[in-house]
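J.: Below is one structure. I have some questions about it.
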Amino acid sequence: MSTAGLLSLHPLAIADVGLPLKNEIMTWNEIFDLLKNFGFFGFFMWGIQKIINNSADMKMEKFRNDFEHNTIKFQNDLNIERDKLKLKIEKLKYKNSKLHDKQADVIENLYGKLVSLDKVIREFTATLKILPKNEREREIAKKKKLDNINISFSDFSNYFAVNKIFFNQRICDTIEELLKIYHKKMNEYIFPAILKREGIERKEMKEELEKSREAAKYIKDEIPKRLVIIEEEFRKILNVAE
């Protein structure tokens, strides 16, 4: 059959294969049906699906790569911050260690001076004490003891004043209160002796003597309680176990 013969097929023959007549308009459904009849529809849909799948795969791959990149970056940043924090902690530990060592030295010296001060005051105000029989020698001995008290008091209070920065306010207040009590009770204790030495007679002498005895008793019974409080505070700073 010639080419001209193929082009001049009868309309009925064209209708048999599903092609529209010259004056007919095909709908989309008819187009899809036609492609399906010729086997094009399956290929066409496979192509679309392939494009969709490829696009999804590319997006997934990009997401995976971005996720891995961000994860690695986050881990690196985290490691850097961790190393910085470790360095800060080590510096802080070193600083605290040096501060603790300094505090320990200050406490050792301060407590030693406090014990010395309490010892000379306690010996001076003791009810029973050995004194020379000669009155002049007794006065010399008393003066020497008072001088020792003044030296110890100044030594302790001056050392505390320049090192109080190492203690919290509660400890500072406790020590300052103790110094005030020492000063007050010592004045009350020696006041009658000063009046007697100066030849001053007062009607209130009996009252002054009673205050002197009460001061000695306070130093003997109450001061140790205050010392225990200070000792406990020092142990806390030094982390000394009970």
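The values are calculated or read from the model by the stated rules, or taken from the named source; none is laboratory data. Everything numeric in this text was worked out from a predicted model, so none of it was measured. A quick note on method: Cβ atoms are made from the backbone with ideal geometry, for glycine too, and the neighbour counts reach across all protein chains shown.
J.: Does the stretch 138-183 hold any residues that are modelled with pLDDT of 95 or more, over 27 Å from the mean Cα position of the chain (by Cα) and of a type in the set (D, E, K, R), and which are they?
T.: Selection gives 155, 176, 177, 180.
J.: Regarding residue 157, is this residue touching a helix residue (DSSP H, G or I) at 6+ places or on another chain (Cβ under 7 Å), touching a residue at least 24 places away in the same chain (Cβ under 8 Å) and among the small types (Gly, Ala, Ser)?
T.: Here the answer is no, as residue 157 does not meet what is asked.
J.: Within the set of pairs 6+ apart or on separate chains, which have a first residue in the stretch 141-152 that is assigned by TED's automatic domain parsing to the domain that holds residue 114, a second that is not in a helix (DSSP H, G or I), and C-beta atoms under 9 Å apart?
T.: Short answer, once both residue conditions are applied: 141/131; 141/132; 142/131.
J.: Looking at this structure, is residue 209 assigned by TED's automatic domain parsing to the domain that holds residue 127, of a type outside the set (S, T, N, Q) and crowded, with 16+ Cβ neighbours inside 10 Å? Give the derivation first.
T.: Details: assigned by TED's automatic domain parsing to the domain that holds residue 127: yes; of a type outside the set (S, T, N, Q): yes; crowded, with 16+ Cβ neighbours inside 10 Å: no.
For residue 209, the condition - assigned by TED's automatic domain parsing to the domain that holds residue 127, of a type outside the set (S, T, N, Q) and crowded, with 16+ Cβ neighbours inside 10 Å - is not met.
J.: Among the residues of the stretch 144-166, is there at least one that is charged (D, E, K, R), under 16 Å from residue 222 (Cα atoms) and crowded, with 16+ Cβ neighbours inside 10 Å?
T.: no
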